[in-house]
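One structure is given here, and the rest of the page talks about it.
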Amino acid sequence: GDKVKQSPSALSLQEGTNSALRCNFSIAATTVQWFLQNPRGSLINLFYLVPGTKENGRLKSAFDSKESYSTLHIRDAQLEDSGTYFCAAEAGSAKLIFGEGTKLTVSS
Amino acid sequence: EAAVTQSPRNKVAVTGGKVTLSCNQTNNHNNMYWYRQDTGHGLRLIHYSYGAGSTEKGDIPDGYKASRPSQENFSLILELATPSQTSVYFCASLGWGGAETLYFGSGTRLTVL
């Protein structure tokens, strides 16, 4: 429900542009994971984060446990980045709570 | 590469019938999870397990049972299926792939008529 809130719920980008997705937590998240669900429905792990930042190619993610949020930055968006992005937070006990997702559409 | 296999991929059941969804992982991961995905709700946790013989209730366990008879297998059981349980179900295991990572199966689309 509201324990993990993602914004925006939907986003349209032109190829080559940049954007940021956000998750806010109302639980004491200790770790965060980001996933992409591609148009075929497969869920792909993008990042696992303890407080701090990670970068992988055109993607960069940050997790601030004190301010209870995480961000996913997409640089130079490509058509294959389209899909639904989910964040999931763990607050101990290995139980991961997912947000409702951000649906990203990249067009040429 | 860690692999999680779900079966069946698609299932049609009748109201009141029993449905068993199966999940297998050969990654030797301890923790396994069952989620359902519905439009507007993202993924919601039904049951999870810390290892063989363990099952824990997630956020929406009502109407579902789980069974973890071995490290590799984690089943989700609907004793009396209802149309509200029509959904896509995902199984996942949590393991160390350079970092602690959740690996998902391909999903099971269940329709209860």
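The values are calculated or read from the model by the stated rules, or taken from the named source; none is laboratory data. Remember, it's a predicted structure, so these values are computed and weren't measured experimentally. Virtual Cβ from ideal backbone geometry, glycine too; neighbours counted across all protein chains shown. Please note that ligands, DNA and RNA were not included when accessible areas were found on the heavy atoms of the full protein model with its side chains. Shrake-Rupley method; radii C 1.70, N 1.55, O 1.52, S 1.80 Å.
Quick one: is A:ILE97 among the β-branched types (Val, Ile, Thr), away from chain B (no Cβ under 12 Å) and crowded, with 18+ Cβ neighbours inside 10 Å?
Considered against the rule, which asks whether it is among the β-branched types (Val, Ile, Thr), away from chain B (no Cβ under 12 Å) and crowded, with 18+ Cβ neighbours inside 10 Å, A:ILE97 comes out as no.
In contact (Cβ under 8 Å) with a residue 60 or more places away in the chain and under 13 Å from the mean Cα position of the chain (by Cα): is that true of B:GLY95 in this structure?
The answer is no for B:GLY95.
Report whether or not A:SER9 is open to solvent by less than 30 Å² (accessible area, probe 1.4 Å) and at negative phi.
In short, no.
Here are some residues: B:ASP38, B:ASP62. Which one is open to solvent by 10 Å² or more (accessible area, probe 1.4 Å), away from chain A (no Cβ under 13 Å) and under 15 Å from the mean Cα position of the chain (by Cα)?
B:ASP62
Residue-wise test of (1) open to solvent by less than 60 Å² (accessible area, probe 1.4 Å); (2) polar (S, T, N, Q); (3) within 14 Å of chain B (Cβ to nearest Cβ).
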| residue | (1), (2), (3) |
| --- | --- |
| A:GLY52 | yes, no, yes |
| A:LEU59 | yes, no, no |
| A:PHE63 | yes, no, yes |
| A:GLU80 | no, no, no |
| A:TYR85 | yes, no, yes |
| A:SER93 | no, yes, yes |
| A:SER107 | yes, yes, no |
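If I filter region B:23-35 down to residues being of a type outside the set (A, V, I, L, M, F, W, C), under 14 Å from B:GLY95 (Cα atoms) and within 14 Å of chain A (Cβ to nearest Cβ), which single residue comes out as most open to solvent (accessible area, probe 1.4 Å)?
Here the residue is B:ASN30.
Taking region A:16-51, which residues are charged (D, E, K, R) and in a loop (DSSP other than H, G, I, E, B)?
Let us first name the residues in region A:16-51 that are charged (D, E, K, R), namely A:22, A:40.
Residue satisfying the conditions is A:ARG40 alone.
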